[in-house]
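The values are calculated or read from the model by the stated rules, or taken from the named source; none is laboratory data. Owing to the predicted nature of the structure, the values given are computational and were not obtained by experimental measurement. We place every Cβ from the backbone using ideal geometry, glycine too, and count neighbours over all the protein chains shown.
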Amino acid sequence: MAALPLRALTLRQLQFFSVLVEEGQFGRAARRLAITQPALSNAIKQMEKLLGAELLTRSTHRLELTPVGAEVLARTDFLVNTFEVALRDIESTVQRGRAFVRIGVIPSASARVAAAASEFLKSGGERAVELAWRDAPSNTLLAELRSGQIDMAVAAITEPPGGLTCIDLFRDPLVLVVRRDHALAAAGGANWEAIGRERLVLFESGSMPALGNPARAQFAQGAEPYRVSYSETLYALVRSGQALGLMPRLYTSSLRDPELAVVPLLKPSVERRVVLAYLPGPMRNVVAQELIAFLRERLPQAGEAIVRRVSKGGRVRR
């Protein structure tokens, strides 16, 4: 059972603390909250008194979280985000008769998840649902899931993330994207040794560093790879002959470029796990539970259906 003084903590105090940390300065936070700076300072001092510990170290130029403050902030953000979303859920349900569900998805899986979500909406009969979409790298989505900003996430992982329930959907192997006139395109497949000393280009964030870097090190690849943020840049570097593209197969599902070919990368095959993740425990509404169950069944089937291969002539086929 929680200590009695903590029962005196209010949601308003928690909101003040969250905004103050985000703004990093009492004056800016007070203006955003439309209160006076002394009122904000007193609210934070009252929180610290109730908790029996300092949350912030104060200096002339900036605020810093104490170790206790960092732990309290993680839980504060979850409570504040959950409350704000609950209000939106109530508004959506009462005023528009719709349940509100927030979905996070990695961009490479967005087409597949959106198609499945559309099937879910059409199968709902009288059920009215409002979906909110968030696309971001996996690490961002998982952090937002933990903090209560989204209800579920389709993300790529290499290790099980702590504190979340994860359902395996399918595996997404790494492939090479090469120019159509490259020797590997005609070979129909490649192993890591065949890449030799050629320069690679890969994504700088998401799961790629954890997947690509160990394999490169194992086979003593050549020059340090180019690291980019967007697939358009990756394709441009490959098209210009400056590098070979290394990326998850999902990204290539919409590639329709006559100058480029997708080559399976074997020996060893390096894969990332695509999972459906959500917080354990009771869900915020029944519709979110139903959507999780639907995606759990439908997305693995979609993953098995899309298999890309390269023929001896270098033509990419589904």
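Things to note:
- Residue 162 being small (Gly, Ala, Ser) and in the same structural domain as residue 297 (by TED's automatic domain parsing): yes
- Qualifying residue in region 171-194 (condition: within 21 Å of residue 293 (Cα to Cα) and in contact (Cβ under 8 Å) with a residue 24 or more places away in the chain): yes
- Within region 113-130, being of a type in the set (A, V, I, L, M), out of contact with any Lys or Arg (no Cβ under 7 Å at 6 or more places or on another chain) and crowded, with 18+ Cβ neighbours inside 10 Å holds for 113, 117.
- Selection from region 261-273 of residues that are within 30 Å of residue 186 (Cβ to Cβ) and under 22 Å from the mean Cα position of the chain (by Cα): 270, 271, 272
- Checked against (1) at pLDDT below 85; (2) crowded, with 16+ Cβ neighbours inside 10 Å, residue 104 meets all criteria but (1).
- Residue in region 147-182 that is farthest from residue 253 (Cα to Cα), counting only those that are of a type in the set (D, E, K, R) and surrounded by fewer than 16 Cβ atoms within 10 Å (Cβ to Cβ): 159
Quick grid of which residues meet (1) modelled with pLDDT of 90 or more; (2) assigned to a helix (DSSP H, G or I); (3) more than 20 Å from residue 245 (Cα to Cα):
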site	(1), (2), (3)
113	yes, yes, yes
119	yes, yes, yes
141	yes, yes, yes
156	yes, no, no
162	no, no, yes
169	yes, no, yes
176	yes, no, no
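- Residue 112 being closer than 23 Å to residue 76 by Cα and in contact (Cβ under 8 Å) with a residue 24 or more places away in the chain: no
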